[in-house]
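S.K.: Have a look at this one.
Every number here is computed from the coordinates shown, using simple stated rules; none is lab data. These numbers were taken from a predicted model, which means no experiment stands behind them. Neighbour counts are summed over all protein chains in view; Cβ atoms, including those assigned to glycine, are modelled from backbone coordinates with ideal geometry.
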Amino acid sequence: MKQAIIELTAAVRELAAAIKEGKEENSPTPPIRRKPKKPTTTTTTRARARFVKPTVDEVAAYVREKGYTFDPVAFWYYYESNGWKIGRNTMKSWTSACVTWQRKEGKPQTVVPEEPSEADRFLMECMAKSQAGRKESAR
């Protein structure tokens, strides 16, 4: 064992001397050359911004600024309960959603009554007769 240590020490000394002289036979592999990173510029590439949900105050300020008539608190709570999604997709712009809410707010939702069918008219006549009969029997 002592002999192995002596031989190993001699080999290390020889290697150190060869490195100093620059005559090493088994030189280490050259360092890996890496491609330099391209500088990222936001002016040339369009970076996608992550959606940041607004606060109630931000929505209220935006609604006042634009002159919208819908309730900003109802808007905020509606989308907060949906996880700020439209259908299955994450919302990209809450200000665009405000425009949609305003358009829906401005449209009157009127229900046009339909003409009663023949069967409905018959039932209404029967109900009127039965109510008239009840009134007479109650006297």
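S.K.: Starting from 0.36 nm per residue, how many nanometres of slack lie between L123 and T90 once their C-alpha separation is accounted for?
M.R.: 6.9 nm
S.K.: In percent, how large is the relative contact order of region 56-106, given Cα pairs closer than 8 Å and 6 or more residues apart?
M.R.: Computed value for region 56-106: 38 percent relative contact order.
S.K.: Now for a separate question. Less than 15 Å Cβ to Cβ from V59, Lys/Arg counted +1 and Asp/Glu -1: what total charge do the surrounding residues give?
M.R.: -3
S.K.: Once label points are set 7 Å from the Cα along Cα→Cβ at both A18 and A74, what is their separation, rounded to one decimal in nm?
M.R.: 8.6 nm
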